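First up is the structure itself, then whatever we jot down about it.
The values are calculated or read from the model by the stated rules, or taken from the named source; none is laboratory data. These numbers were taken from a predicted model, which means no experiment stands behind them. Cβ: placed from backbone, ideal geometry, glycine included. Neighbour counts: every protein chain shown.
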Amino acid sequence: MSLSTHYNPKETESKWYAHWESKNYFHSEPDDREPFTIVIPPPNVTGVLHMGHMLNNTIQDILIRHARLKGKNACWVPGTDHASIATEAKVVKKLREQGIKKSDLTREEFLKHAFAWKDEYGGIILDQLKKLGASCDWQRTRFTMEESLSKAVIQVFVDLYKKGKIYRKLRMTNWDVEALTALSNEEVIHNDETIPLYHLRYKIEGTEDEYINIATVRPETIMADTAIAVHPDDPRFKHLVGKKALIPLINRPIPIIQDEYVDMEFGQGALKITPAHDPNDYEIGMRHGLEVIDSLNANGTLNEKAQILVGEDRFVARKKIKKLLEESGNLIEVENYTTSIGRSERTDAVVEPRLTMQWYVSMSEFAATGLEAVKSGDVKFYPEHMWNMYYQWLNEDNIRDWCISRQLWWGQQIPAWYIKTADGGRLKSDGEELVFVGATIEEALADAKKETGNNSLTINDLERDEDVVDTWFSSWLWPISVFDGFEKQDELKYYYPTNTLVTGWDIIFFWVARMIMAGYEWSEELLGKDLKGKQPFNDVYFTGMVRDNKRRKMSKSLGNSPDALKLIENYGADGVRFGMLSCASAGNDIIFDAPFDPETKQTKNESKLCEQGRNFCNKMWNALKLIKGWEIADTEQPKINELAVRWIKDKTDMVMADIEKNFESYRLSDALMNLYQLIWGDFCSWYLEMIKPAFISEGKSEPLDRKTYEATIEVYEKLMIALHPFMPFVTEEIWHQLRNRKEGNDCIIQHFPQAGRVDQSLISKVEKAKDAISKIRESRSSNGISPRESLNLFVENTQGATALFKIDGIKEMLIKLGNLSCLTLTDSEPANTVAFLSGTEKYFLELNIEIDVEAEIKRLEEEKKYLEGFINSVQKKLGNERFVSGAPAAVVEKERQKLADGLERLRLIDETLKQLK
RNA sequence: GGGUCGUUAGCUCAGUUGGUUUAGAGCGCUGCCUUGACAGGGCAGAGGUCACUGGUUCGAAUCCAGUACGACCCACCA
């Protein structure tokens with residue numbers, strides 16, 4: 001069988017993925033092995049794979065495959081998130097395109113459409129993960145809105161309510177006027193925007209031409225003003241305090257009050273107070289007992305309380321009122337002003353502060369638990385400094401209660417009921433609506449009967465809260481609920497706590513912190529004394545954000561993200577995995593190198609790093625081709641091969657120790673580089689050249705001895721297993737090409753190579769030989785001698801040289817890789833040669849050409865200069881009494897050795913220079 | 001306003017708790033090498049006063065302080 005010159009990832013990848021799945025290698029069931037568990041950060045069910053997912057999931061797959069090769073019971077649970085706002089927005093948009101309005105549908109009808117949408121588009125992203133090679137246990141695929149997970153949400157809600165940790169309250173919240181729902185603070189993205197700042201004057205009541213001036217960016221809200229505030233210490237306004245000002249256009253009088261919140265320096269020094277439309281104004285209003293006038297509808301249009309411009313959208317109203325104010329003479333000036341504007345993360349609508357009744361989770365206890373979990377080391381962060389950000393979110397000064405209700409349909413409906421009254425309202429007590437929380441309506445009814453003493457109540461008298469809970473209120477249970485842990489604990493007992501969470505730092509509070517809190521809240525209740533730890537995961541590996549070469553976050557709207565699937569098509573999944581990883585160290589944002597095409601204004605689906613990954617696959621493929629092309633004979637193993645085999649085995653073992661260390665500290669890109677250099681550099685460039693049989697004639701070469709061949713295959717196998725977590729497809733393919741395998745003997749389930757004992761002195765001797773070979777090549781190169789021309793080489797007969805060449809195979813190695821006709825120890829400097837140093841050995845290469853003595857002298861003098869500088873620095877160190885007495889003996893000894901070597905080298909150069917001159 | 005991270009070769013980054021000769025990798029660049037595994041390749045080479053200023057130390061890219069620049073997070077912003 002002949003192999004093509006280029007590795008073909010396409011066929012190979014689909015072939016092996018199907019094979020692994022058919023063998024059920026990704027599936028995990030509890031058994032007596034040690035588990036290694038990862039739960040996927042569930043992507044949005046309607047999402048498509050982007051670069052962030054690629055990075056994230058590549059890392060998870062590496063950890064899972066590594067654990068599997070280490071003999072652990074590896075379990076990677078995949079799934080998707082229902083992403084309430086984003087998905088609902090998409091569904092609404094699609095229905096609108098079909099001419100269906102959400103408001104014309106019942107809740108049930110809408111959900112039917114939403115689920116139909118989910119069934120059609122949901123899961124695309126999971127199929128895309130398969131292309132990447134993700135070895136998820138697909139039989140365990142979960143969805144945050146499926147029955148079991150929804151039941152858990154309800155159970156947890158009821159539990160927290162009973163524990164007094166959930167409450168309902170009227171508060172100023174962030175309102176998304178497009179999605180028509182409240183948002184949590186974290187769902188609002190603040191960015192600086194430049195907008196007009198309007199300076200207005202309000203006439204003082206009872207005067208003809210006295211005014212008080214204010215500045216506002218929201219003139220359309222003036223009709224809801226209920227006061228003007230000035231600073232108590234501000235002399236400019238002292239005489240106005242207690243008087244009333246008239247709101248322009250509608251002439252409603254409002255009091256002028258004093259409050260320390262006002263910044264005297266800003267704008268006009270006086271502040272209009274609009275309690276319904278600004279959180280700070282609301283606070284001030286509360287302090288002064290001001291009326292709250294809400295002049296905006298939920299959809300952002302002005303209502304009848306505004307008296308004018310009723311029905312206009314707030315931004316249209318802003319433009320129109322500017323004109324009206326101008327006409328009425330109340331507009332003083334308009335200036336451009338840069339301020340931060342909050343927009344909805346999901347719909348990009350400018351967020352409106354709005355006073356609404358919402359459900360909250362009380363966070364102070366949760367936050368303390370969350371902090372302690374990380375502080376105590378139960379949960380470890382990689383990189384560690386993420387603690388700072390975590391602390392900043394959770395410390396008692398910053399923590400805020402979590403608004404969990406959303407005015408949407410796509411999500412788990414809040415399990416709370418109210419008692420309907422005859423007039424269509426809800427039964428109140430002390431002005432507050434009576435509410436009953438229970439897992440079922442019957443439970444709520446029982447409570448209602450008890451509380452009201454009215455035993456004639458039936459379920460028909462109850463109406464359920466319309467709202468659903470925040471998506472994160474289901475995903476914070478993910479590490480428990482994916483194992484159905486709230487219903488039964490058999491699997492939870494085995495898999496919990498999970499091992500590593502791999503996620504972006506941007507959701508450290510949204511998700512990571514809350515999962516930790518949920519873990520501490522419920523795991524012990526569920527697992528009791530069998531608990532292995534309350535934390536949902538032991539380690540959190542934070543990936544960076546993937547950015548473009550201008551350091552902008554990659555996003556669809558900017559067009560600066562390459563198409564993830566196209567990249568896989570172009571470079572193979574292994575190539576892309578290599579590319580992603582080689583620029584990703586934990587916690588640092590990664591700058592992905594895809595070039596920008598100014599013509600299409602899109603990022604090209606090209607990447608130098610992925611190309612390098614593809615080339616690496618090709619390199620390994622061709623090494624395989626070389627080995628498989630050799631004829632094997634039962635001949636005696638030549639000394640050079642024996643040495644080469646010993647060296648590559650030791651070198652491999654040595655690197656395996658580094659790799660293991662790097663895995664332990666999540667230095668995955670370092671581990672990959674270790675392997676890259678070992679395979680490409682040591683194995684291909686050096687080892688294979690050392691053992692490569694001599695060429696005889698066209699298409700024919702000497703046979704290779706069987707012993708070397710077997711050893712080579714063994715080493716190559718080891719390399720493939722070690723590389724498998726990073727590049728699973730190419731390694732599986734080569735694994736099968738290396739030998740005829742029995743059914744089920746696959747790379748994915750081998751044992752990860754152990755680091756063994758290593759003969760350091762052997763390794764360093766071969767390194768010396770390699771150095772001498774490079775120097776021979778350099779001499780050729782700089783003197784214009786072809787590598788094909790065999791040359792004579794002499795070595796100065798010293799103790800060091802004898803020791804080196806005593807090693808079986810070293811001499812042959814130099815002859816073979818340096819293309820020498822002979823290598824001779826000599827006591828005198830041979831004529832017509834160029835000299836070079838390797839270590840403290842002095843070599844003389846016979847070039848068979850006229851030697852340019854001048855150039856040679858120049859070269860040596862440069863080397864001498866460098867050496868003198870070096871010796872000088874070492875001598876200075878050793879001449880320092882405090883160094884010699886203060887530094888560890890080993891360090892001093894090393895310096896002495898450095899000096900001795902340096903001096904010896906200097907002597908040798910001087911010697912040659914003298915001869916040349 | 002509070003905080004975090006970063007600044008090392010033209011570019012993207014390592015540098016594992018201060019000592020591996022006077023700092024490494026990949027890409028890019030330069031020279032040479034094409035019928036013999038691989039041009040998606042080979043060999044060799046050029047390229048860095050480790051942002052700056054002080055300090056600690058026998059010794060600093062590495063530790064400390066300050067400065068500058070950049071990125072980000074939180075809060076506030078009429």
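Scan segment A:583-605 for residues that are among the polar types (S, T, N, Q) and buried (at least 22 other Cβ atoms within 10 Å of the Cβ) and jot them down.
Across segment A:583-605, the qualifying residue is only A:603.
Output the residues belonging to segment A:764-794 that are buried (at least 20 other Cβ atoms within 10 Å of the Cβ), closer than 30 Å to residue A:654 by Cα and either among the acidic types (Asp, Glu) or within 10 Å of RNA strand B (Cβ to nearest atom) (or both).
A:773, A:776
What residue, of A:668, A:688, A:643, is within 30 Å of residue A:544 (Cα to Cα) and among the aliphatic types (A, V, I, L, M)?
A:668
Report yes if some residue within segment A:839-846 is part of a loop (DSSP other than H, G, I, E, B), in contact (Cβ under 8 Å) with a residue 12 or more places away in the chain, within 16 Å of RNA strand B (Cβ to nearest atom) and under 23 Å from residue A:907 (Cβ atoms); otherwise report no.
yes
Please tell me if residue A:172 is part of a loop (DSSP other than H, G, I, E, B) and within 15 Å of RNA strand B (Cβ to nearest atom).
No; evaluated as a whole, the condition is false for this residue.
Which numbered condition trips up residue A:802, out of (1) more than 14 Å from RNA strand B (Cβ to nearest atom); (2) farther than 30 Å from residue A:662 by Cβ; (3) surrounded by 12 or more Cβ atoms within 10 Å (Cβ to Cβ)?
Answer for residue A:802: the failing condition is (3).
Kindly indicate which of A:67, A:134, A:86 is of a type outside the set (Val, Ile, Thr) and farther than 29 Å from residue A:559 by Cβ.
Just one listed residue meets the conditions, A:67.
Being surrounded by 14 or more Cβ atoms within 10 Å (Cβ to Cβ) and over 30 Å from residue A:65 (Cβ atoms) is the filter here, so list the residues in segment A:751-763 that pass it.
Result: A:759, A:762.
Just one of A:404, A:308 is in contact (Cβ under 8 Å) with a residue 12 or more places away in the chain and either within 12 Å of RNA strand B (Cβ to nearest atom) or over 22 Å from residue A:161 (Cα atoms) (or both); which is it?
When all the criteria are applied, what remains is A:308.
Quick test of your reading of the structure: residue A:584 fulfils all but one of (1) under 17 Å from residue A:61 (Cβ atoms); (2) at pLDDT 80 or above. Name the failing condition by number.
(2)
For residues that are hydroxyl-bearing (Ser, Thr, Tyr) and more than 16 Å from RNA strand B (Cβ to nearest atom), scanning just segment A:1-41, find the one that is surrounded by the fewest Cβ atoms within 10 Å (Cβ to Cβ).
A:22
Output the residues belonging to segment A:200-221 that are under 48 Å from the mean Cα position of the chain (by Cα) and within 12 Å of residue A:330 (Cα to Cα).
A:214, A:215, A:219
Within the set of pairs 6+ apart or on separate chains, which have a first residue in segment A:122-139 that is acidic (Asp, Glu), a second that is crowded, with 21+ Cβ neighbours inside 10 Å and not in a helix (DSSP H, G or I), and C-beta atoms under 9 Å apart?
A:137/A:26; A:137/A:28; A:137/A:74; A:137/A:75; A:137/A:76; A:137/A:77; A:137/A:78
Can you tell me which condition residue A:787 does not meet? The list is (1) outside any helix (DSSP H, G or I); (2) at pLDDT 90 or above, and all the others hold.
Just one mismatch for residue A:787, condition (2).
Condition first: crowded, with 22+ Cβ neighbours inside 10 Å and assigned to a strand (DSSP E or B). Can you find one or more residues in segment A:83-106 that meet it?
Within segment A:83-106, not a single residue is crowded, with 22+ Cβ neighbours inside 10 Å and assigned to a strand (DSSP E or B).
Does residue A:903 qualify as being more than 10 Å from RNA strand B (Cβ to nearest atom), at pLDDT below 90, surrounded by fewer than 17 Cβ atoms within 10 Å (Cβ to Cβ) and under 23 Å from residue A:804 (Cβ atoms)?
It is true that residue A:903 is more than 10 Å from RNA strand B (Cβ to nearest atom), at pLDDT below 90, surrounded by fewer than 17 Cβ atoms within 10 Å (Cβ to Cβ) and under 23 Å from residue A:804 (Cβ atoms).
Could you please find all residues in segment A:66-82 being crowded, with 24+ Cβ neighbours inside 10 Å and not in a strand (DSSP E or B)?
Within segment A:66-82, A:67, A:68, A:78, A:82 qualify.
Name every residue in segment A:549-603 that is within 8 Å of RNA strand B (Cβ to nearest atom) and at positive phi, in order of residue number.
A:551, A:572, A:587
Looking at segment A:275-305 only, could you name the residues that are over 30 Å from residue A:231 (Cβ atoms), surrounded by fewer than 19 Cβ atoms within 10 Å (Cβ to Cβ) and touching a residue at least 40 places away in the same chain (Cβ under 8 Å)?
The answer is A:298, A:299.
If I filter segment A:467-480 for residues that are on the phi > 0 side of the Ramachandran plot, in contact with a Ser or Thr (Cβ under 9 Å, 6 or more places away or on another chain) and part of a loop (DSSP other than H, G, I, E, B), do I get at least one hit?
Scanning segment A:467-480 turns up no residue that is on the phi > 0 side of the Ramachandran plot, in contact with a Ser or Thr (Cβ under 9 Å, 6 or more places away or on another chain) and part of a loop (DSSP other than H, G, I, E, B).
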